[in-house]
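Encoded as structure tokens, the structure appears first; notes follow it.
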Amino acid sequence: MTLEAVMICIDNSEFSRNCDYAPSRLEAQTDAANVVCGAKTQQHPENVVGVAFMSGARVDVRLSPSNDIGRVL
């Protein structure tokens, strides 16, 4: 098994806060990110996951890649 570095990109623009779906698009993205983070960190102890938020033309890195699942969640 190879080591992986994964960046989760979450769209936090106004479109993702639209409540046309239940739950909202932002909540659905957050739930999916939690599943991916948990799966990647359990595959191998040295895998790392980071989190970035996107809004328009701007990207904000909230967490640089880390293997600490508590910080990622």
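The values are calculated or read from the model by the stated rules, or taken from the named source; none is laboratory data. Please read all numbers here as calculations on a predicted model, not as lab measurements. Neighbour counts are summed over all protein chains in view; Cβ atoms, including those assigned to glycine, are modelled from backbone coordinates with ideal geometry. When the accessible area is computed, the model is the full protein with side chains, heavy atoms only, and any ligands, DNA or RNA have been set aside. Shrake-Rupley method; radii C 1.70, N 1.55, O 1.52, S 1.80 Å.
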Legend entry - For the chain, built as a Gaussian network whose Cα springs stay under 10 Å, the top-fluctuating residue of 18, 47, 34: 18
Legend entry - Extension gain, residue 36 back to residue 66 (0.36 nm per residue minus Cα-Cα distance, nm): 9.4 nm
Inset, instruction - Calculate I(q)/I(0) for the chain by the Debye formula, one identical point scatterer on each C-alpha and no solvent, and give its log10 at q = 0.18, 0.20, 0.21, 0.27 Å⁻¹ to two decimals. - result: -0.71, -0.82, -0.88, -1.17
Inset, instruction - Would you mind working out the magnitude of the charge dipole of the chain relative to its Cα centre, with +1 at each Lys and Arg C-beta and -1 at each Asp and Glu C-beta, to the nearest 20 Debye? - result: 100 debye
Inset, instruction - Mind giving me the FRET efficiency for residue 57 and residue 15? R0 is 22 Å, r the Cβ-Cβ distance, nearest 0.05 is fine. - result: 0.95
Legend entry - Residue-normalised accessible area of the chain, given per residue in Å² at a 1.4 Å probe: 69 Å²
Inset, instruction - Choose one answer from 39, 52, 22: the residue with the largest mean-square fluctuation in a GNM of the chain with alpha-carbon springs under 10 Å. - result: 22
